[in-house]
1. Using mean Cβ contacts within 10 Å as the protection proxy, how do 34-42, 18-26 order, highest first?
2. Per residue, what accessible area does segment 1-71 have, given a 1.4 Å probe and all protein chains present, in Å²?
Amino acid sequence: MAIAWTMSRSPLVHPIIGARTSDQLRDDLAAVDLTLPPEIVARLTRAAEFTPGFPSDFIAETSPWVFGSALPAPPRDSPVVEHR
């Protein structure tokens, strides 16, 4: 389920599996055929939410001040807060 959930988050995400036996490999590869319902994906996503904390929040908050116009504009959903 964890592999299927990870794959459902983006087509660009490719989970790295750590199978040590052929049975584990078969189980891991079965995730390719597992489609999780949207409500399950949403529930798992909510359960996995976290705040990265320091230094990520510090970098996000100070990057515009440090780099100014040299820094590309953040995406709309970015947690960067502009200071005026």
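1. Put in order of decreasing packing, that is 34-42, 18-26.
2. Working: 5930 Å² over 71 residues.
Here the per-residue accessible area is 83 Å².
The values are calculated or read from the model by the stated rules, or taken from the named source; none is laboratory data. Small disclaimer: the values here were computed from a predicted structure and weren't measured. Because the Cβ atoms are built from the backbone with ideal geometry, glycine has one as well, and the counts that use them run over all protein chains shown. All accessible areas refer to the heavy atoms of the entire protein, side chains included, with ligands and DNA or RNA removed. Shrake-Rupley method; radii C 1.70, N 1.55, O 1.52, S 1.80 Å.
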